[in-house]
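Report on the following structure.
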Amino acid sequence: MAILALPDEKATRALAAVIADALAPNSVLFLHGELGVGKTAFVKGLVSALGCDDSVLSPSFPIMHSYATTKGELLHLDLYRLDEGCDFYALGLLDKIDHVMWAVEWPEKGAEHWLSPDLSLRFSFGEGLRQVELIAHSEASENLLQVVQDRGFIK
């Protein structure tokens with residue numbers, strides 16, 4: 001686990017670029033945090049770092065956006081508007097579970113029933129600026145935390 005200060009969107013996008021470098025084609029990122037705390041800004045940086053020039057918007061109303069990246073498909077889900085118990089079957093996502101990268105906002109709305117995160121990012125406001133807590137859930141994401149440290153994000 002590590003807690004990082006993100007003073008601006010540029011820092012958020014830089015962190016996303018470091019994480020993008022280490023993502024495997026079936027990585028799962030859970031993005032936690034209140035509205036407006038930087039989850040979608042992080043995904044913008046992730047999509048850009050993965051070589052996709054598409055415009056990234058919050059998928060709150062369509063629930064999902066798909067991006068074709070240099071490492072394969074990235075699905076960006078925002079489950080905010082869904083009731084607890086999001087049904088991946090009803091959303092047509094079951095066949096994609098092991099074949100795409102996932103960035104899931106509001107995963108507590110049911111994604112954890114279908115996906116196991118490699119890395120959780122908990123965005124918050126603290127001490128006058130945005131911060132993120134990185135929580136590794138796999139050996140690969142433990143290695144990712146080391147990469148983040150090596151790149152100077154963790155002191």
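Output the residues belonging to the range 13-57 that are over 19 Å from Pro117 (Cβ atoms) and touching a Phe, Trp or Tyr at 6+ places or on another chain (Cβ under 6 Å).
Within the range 13-57, Cys52, Asp54 meet the criteria.
Tell me, which residue of the range 131-155 that is of a type in the set (Asp, Glu) and part of a helix (DSSP H, G or I) is farthest from Leu4 (Cα to Cα)? Break it down into steps so the answer makes sense when it comes.
If we filter the range 131-155 for residues that are of a type in the set (Asp, Glu), which is where we start, we get 133, 139, 142, 150.
Filter again for part of a helix (DSSP H, G or I), leaving 139, 142, 150.
Working: Glu139: 20, Glu142: 15, Asp150: 13 Å.
Filtering first and then ranking leaves Glu139.
Count, please, the residues in the range 136-155 that happen to be surrounded by 17 or more Cβ atoms within 10 Å (Cβ to Cβ) and under 16 Å from the mean Cα position of the chain (by Cα).
Residues of the range 136-155 that are surrounded by 17 or more Cβ atoms within 10 Å (Cβ to Cβ), as a first pass: 136, 141, 144-145, 148, 153.
Next, only the ones that are under 16 Å from the mean Cα position of the chain (by Cα) stay: 136, 141, 144-145, 148.
Residues flagged as surrounded by 17 or more Cβ atoms within 10 Å (Cβ to Cβ) and under 16 Å from the mean Cα position of the chain (by Cα) within the range 136-155 amount to 5.
Mind checking whether some residue in the range 92-110 is in contact with a helix residue (DSSP H, G or I) (Cβ under 7 Å, 6 or more places away or on another chain), modelled with pLDDT of 85 or more and part of a helix (DSSP H, G or I)? Even if it seems obvious, please write down each step before you answer.
If we filter the range 92-110 for residues that are in contact with a helix residue (DSSP H, G or I) (Cβ under 7 Å, 6 or more places away or on another chain), which is where we start, we get 103-105.
From what is left, the residues that are modelled with pLDDT of 85 or more are 103-105.
Right, trim to part of a helix (DSSP H, G or I) and you get none.
No, the conditions are met nowhere in the range 92-110.
Report every pair of residues separated by at least 6 positions or lying on different chains whose Cβ atoms are under 9 Å apart, first residue within the range 100-115 and closer than 16 Å to Glu34 by Cα, second surrounded by fewer than 21 Cβ atoms within 10 Å (Cβ to Cβ) and of a type in the set (Phe, Trp, Tyr).
Qualifying pairs under 9 Å: Glu105/Tyr80; Trp106/Tyr80; Lys109/Tyr80.
The values are calculated or read from the model by the stated rules, or taken from the named source; none is laboratory data. Predicted model, so just to flag it, every value in this text is computed and none were measured. Note that we place each Cβ from the backbone using ideal geometry, even for glycine, and neighbour counts take in every protein chain shown.
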